[in-house]
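Written below as structure tokens is the structure these notes are about.
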Amino acid sequence: MKQILVIDDEADIRNMLKECLEMEGYLVYTAENGESALSKINGGTDLILLDVNMPKMDGYEVCEKIRSIVSCPILFLTARTEEADRVNGFKAGGDDYILKPFSMEELLARVEAHLRREERKSNSRNVYINQDIVVDFTGRVVLAKGEDVGLTRTEFSIVELLLTHAGQVFDKERIYENVRGYDGDADASIITEHIRRIRGKLAKVSKKDYIQTVWGVGYKWIG
């Protein structure tokens, strides 16, 4: 049974999500703030729903602390719609944004999509080696001289998509949809920032540019 942690300071939302998710067969536990969440998180957690606007420790700070404990998908729940807020969430280690108010149908679809992706990744082990870098698909890590280059979960997912379809051009909308697992048209512009950060991290360990921009079309892996 998949375990989901719901973190939200509003009791009504916690209870509603817990009830709906349990009806779908998930094991759900809840936390009302960051401190409580950090005490409940464990290696068996499969997915986290995290509110952004919480007192004392907001969702971004909680996400950064959680990332040192688990690598499961973290989906932000927020009423913030500014691009800067989404960028901050992804930088903190989040994997998706669900805007309030949301429908349970959409939330469940996103939860299921992320869990399916995690399950597919756990069923195979592949390693890609090219010049200065090693990509471990099971460990979801890019290594240079044995050291982790520090890609976030979302950044690695983009690398994984482009690398496993090397030479194929993906536009921002298709990358977003594949990486996020749901209709992501409204947020596809964030892919530009992710690509920039991936290139910056790889440039620190390799002179080779693995991701090529096809102007007016999208991006492709050329390693």
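The values are calculated or read from the model by the stated rules, or taken from the named source; none is laboratory data. Quantities reported herein were computed from a predicted structural model and do not represent experimental measurements. As a convention, Cβ positions derive from the backbone with ideal geometry for all residues, glycine included, and neighbour counts pool all protein chains shown. Surface areas here come from the heavy atoms of the whole protein model, side chains and all, with no ligands, DNA or RNA. Shrake-Rupley method; radii C 1.70, N 1.55, O 1.52, S 1.80 Å.
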* Does E147 count as exposed (fewer than 13 other Cβ atoms within 10 Å of the Cβ) and in contact (Cβ under 8 Å) with a residue 60 or more places away in the chain? -> no
* Please go through the stretch 157-177 and pick out each residue that is surrounded by 15 or more Cβ atoms within 10 Å (Cβ to Cβ) and of a type in the set (V, I, T). => I158, V159, V169, I175
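Filter the helices (runs of 4 or more DSSP H) completely within the stretch 1-84 down to those with at least 2 residues that are in contact with a helix residue (DSSP H, G or I) (Cβ under 7 Å, 6 or more places away or on another chain) and open to solvent by less than 70 Å² (accessible area, probe 1.4 Å). It would help to see each step written out before you state the result.
Values: elements: 11-23, 34-40, 59-66.
By residue number, 34-40, 59-66.
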* Asked: Out of the residues in the stretch 85-104 that are touching a helix residue (DSSP H, G or I) at 6+ places or on another chain (Cβ under 7 Å) and in a strand (DSSP E or B), which is nearest to R196 (Cα to Cα)?
  -> D96
* Asked: Among the residues of the stretch 79-93, how many are within 15 Å of the chain's Cα centre (by Cα) and in contact (Cβ under 8 Å) with a residue 60 or more places away in the chain?
  -> 5
